[in-house]
Amino acid sequence: NSQRPRPRVLLKAPTLAEMEEMTTSEEEESP
Amino acid sequence: RQVTVQRKEKDFQGMLEYHKEDEALLIRNLVTDLKPPTLSGTVPCLPAYILYMCIRHADYINDDLKVHSLLTATINGIKKVLKKHNDDFEMTAFWLSNTCRLLHCLKQYSGDEGFMTQNTSKQNEHCLKNFDLTEYRQVMSDLSIQIYQQLIKIAEGALQPMIVSAMLENESIQGLSGVKPAGYRKRSSSMVDGDNSYCLEAIIRQMNSFHAVMCDQGLDPEIIQQVFKQLFYMINAVTLNNLLLRKDVCSWSTGMQLRYNISQLEEWLRGRNLHQSGAVQTMEPLIQAAQLLQLKKKTPEDAEAICSLCTSLSTQQIVKILNLYTPLNEFEERVTVAFIRTIQAQLQERNDPQQLLLDSKHTFPVLFPFNPSSLIMDSIHIPACLHLEFLNEV
């Protein structure tokens, strides 16, 4: 059992649409 | 006596380290400012492999914020470059190929046994250790779909203006012009003047160019097949829709020219090893329409033959073509109303769709089958032209 790799941690990701919203709002904030 | 000490080079383990503050430079040099020809002669999908090696190092040092940040910056960078080059087939094919390759890498090196069956033991050493990037794989897959749709849109935009004149109007079979129906007038929705007509060779040249670009960029063969299936569907739909609306092309001679043109396209698919792509099947309604124009249309036996042949055309489409059919000369008769009634009676059991025209904008759902690479990460060389000297091999 000591040989068994430990489980990997799931990295939560935003959806593509959410990423789009985040970039848009960042662009709006910066002049 | 001089003693020379030979220092053993540290083994490269297929990881790339960079300082967090260099992330923007990495994305700029590797994604947003990169011109595909810069990488000609190097391993296809090199940006995808470099990005994976960077992700792997961030995973190795257990830095989840660095992984998040790099993946988000990569995705946003790819979206930005595609938006800027939204009519550039080569650029779009390049990023479709790289996005799919990065998606394949995230699977192949995920540690999930289902994706590791073809890995060598060396490749298994290059798997992620700390993080499960399943959710990012979904984002990569969604992004690949977006890029594929952009690629199809560009290709369709280039082909669309050629279709009617190349498929229905251009006469490449010698002697056919002498047997055009009376009153035939050359015209095309795509033509402003006579100089804007196209022959089938123009379509084939354009498809050769698309094919060469996609192969050069190392796009997966299954995706190339789906691109051509989609393009052949559009050629079918645009040609058939025009045929269904134009009396002047509903003739025996157009049927013959059309069948010849389709056979040339089939030959092209075979020559490119794309005959298993399903592209020919999408042309079936047009193949049958060409045959319908050439079949005899007089006796009950002729009606029977038409009904058993034209299984991919709806009753409405068959009847429309028969109604539009224009005899070649005074020796050929018009299709009689009685003949059309016989056809309608024979086909009344069919549960055909009601619309006459095909949806030329219809798109088949795209699939990106997993395609692991045999390439070993530690064999990858980063060319100086990428200006990525700040990446440290680990």
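Observations, loosely collected:
- Being within 20 Å of B:Ser360 (Cα to Cα) and free of Cβ contacts under 8 Å to residues at least 40 places away in the same chain is a condition met by no residue of region B:221-232.
- Selection status of B:Asn29, of a type outside the set (Val, Ile, Thr) and in a helix (DSSP H, G or I): yes
- Just one of the listed residues (B:Leu26, B:Leu16, B:Leu30) is surrounded by 10 or more Cβ atoms within 10 Å (Cβ to Cβ), touching a Leu at 6+ places or on another chain (Cβ under 6 Å), closer than 19 Å to B:Arg101 by Cα and at pLDDT 95 or above, namely B:Leu16.
- Residues of region B:302-311 that turn out to be of a type in the set (S, T, N, Q) and surrounded by 15 or more Cβ atoms within 10 Å (Cβ to Cβ), as a count: 0
- Lone unmet requirement of (1) closer than 23 Å to B:Met256 by Cα; (2) at pLDDT 95 or above; (3) polar (S, T, N, Q) for B:Ser190: (2)
- Within region B:85-112, restricting attention to residues that are within 14 Å of chain A (Cβ to nearest Cβ) and in contact (Cβ under 8 Å) with a residue 40 or more places away in the chain, the residue that is surrounded by the fewest Cβ atoms within 10 Å (Cβ to Cβ) is B:Lys107.
- Hits in region B:113-141 - residues which are over 22 Å from B:Lys66 (Cα atoms) and exposed (fewer than 15 other Cβ atoms within 10 Å of the Cβ): B:Glu113, B:Gly114, B:Thr117, B:Gln118, B:Thr120, B:Ser121, B:Lys122, B:Asn124
- Consider region B:41-86 and keep the residues that are polar (S, T, N, Q) and assigned to a helix (DSSP H, G or I). The one that is farthest from B:Phe131 (Cα to Cα) is B:Asn76.
- When residues of region B:286-301 are limited to those that are in contact (Cβ under 8 Å) with a residue 40 or more places away in the chain and surrounded by 19 or more Cβ atoms within 10 Å (Cβ to Cβ), the one farthest from B:Thr326 (Cα to Cα): B:Leu286
- Taking region B:358-393 as the range and being of a type in the set (D, E, K, R) and surrounded by 14 or more Cβ atoms within 10 Å (Cβ to Cβ) as the test, the residues that pass are B:Asp378, B:Glu393.
- Scanning region B:121-147 for residues that are within 14 Å of another protein chain (Cβ to nearest Cβ), in a helix (DSSP H, G or I) and either among the charged types (D, E, K, R) or closer than 15 Å to B:Lys361 by Cα (or both) yields B:Glu125, B:Glu135, B:Arg137, B:Asp142.
- Selection within region B:148-178 - in a helix (DSSP H, G or I), surrounded by fewer than 20 Cβ atoms within 10 Å (Cβ to Cβ) and at pLDDT below 95: B:Leu176, B:Ser177, B:Gly178
- Scanning region B:41-59 for residues that are farther than 13 Å from B:Tyr18 by Cβ and over 26 Å from the mean Cα position of the chain (by Cα) gives a single hit, B:Asp59.
- Remark: pairs (first residue in region B:359-386, assigned to a loop (DSSP other than H, G, I, E, B); second residue among the basic types (Lys, Arg); Cβ separation under 6 Å; 6+ apart in sequence or on different chains) = B:Phe370/B:Lys107; B:Ile376/B:Lys122.
- Breaking point among (1) surrounded by 18 or more Cβ atoms within 10 Å (Cβ to Cβ); (2) under 29 Å from the mean Cα position of the chain (by Cα); (3) modelled with pLDDT under 95, for B:Gln355: (1)
- B:Asp142 vs. criteria touching a Lys or Arg at 6+ places or on another chain (Cβ under 6 Å) and either at pLDDT 95 or above or more than 30 Å from B:Ser253 (Cα to Cα) (or both): no
The values are calculated or read from the model by the stated rules, or taken from the named source; none is laboratory data. Quick caveat: nothing in here was measured; it's all calculated off a predicted structure. Glycine gets a Cβ as well: all are built from the backbone with ideal geometry, and neighbour counts include every protein chain shown.
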